[in-house]
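Here's the structure, in structure tokens; my notes come after.
FYI, it's all coordinate maths here, none of it is from the lab. What you are looking at is a predicted structure, and each value in this text was computed from that prediction instead of being measured. As a convention, Cβ positions derive from the backbone with ideal geometry for all residues, glycine included, and neighbour counts pool all protein chains shown.
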């Protein structure tokens, strides 16, 4: 018997997809789909959940979650990711996601997340909360811990400029840019350009709203 709740799996991880199939196959009320082109989606707009590993791209305008949201405004979206992507929770929710959980969670935890999404329309894994708090704290201290030059360098990098372009704009050497970036990473307790970009892009959105 077909389920009365649609779950669309849009996963780029074959191991995770197999796990999710095994977890959800035990629930007859769930109908598993693997494409947004399924015609049944237009006929049943009340009970549909997308489970995906898709995230908004950093530094450009491509946003798969927003595309899903524009096409299917009634669909709820649960994003499954790794702990190192926790710094992107803010932008992921802003892009249209309703829930966020980790790939490492147990079958019981996944089941709970799916049930909660259908009941409440939103869900965040408890294991992500400490990481979320830490990342929001980082956003609030940017202007307190960084110098004006460091803030300018971080902003230039967050919009996609190369080290050379940043060096020319700021009036320092490329090695100087690298030196300041290491100081920025250390002060903000981050480890990558991606984290820095997400931090400054979300700050920009917050200031403009």
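Pairing the Cα long axis of helix 148-158 with the longest principal axis of the chain, what angle in degrees results, from 0 to 90 and rounded to the nearest 10? With both axes taken from Cα atoms, the answer is about 40 degrees. Taking the longest Cα principal axis of the chain as reference, the axis of helix 14-24 is set at about 40 degrees.
A prolate overall shape is assigned to region 117-191, the ratio a/c of its alpha-carbon gyration tensor axes (a ≥ b ≥ c) being 1.5 or greater and a/b exceeding b/c. Relative to its residue count, the chain spans a Cα convex hull of 132 Å³ per residue.
Remark: 30, 163, 62 ranked as 62, 163, 30, counting other beta-carbon atoms within 10 Å and listing the fewest first. Against the chain, whose longest principal axis comes from its Cα atoms, helix 174-188 is set at around 60 degrees.
Here the sum of -39500 (n - 2.57) over DSSP H runs of 4 or more residues, divided by the residues of the chain, equals -16000 deg cm²/dmol at 222 nm, to the nearest 500. Taking other C-beta atoms within 10 angstrom as a stand-in for reagent exposure, 181, 129 fall in the order 129, 181, fewest first.
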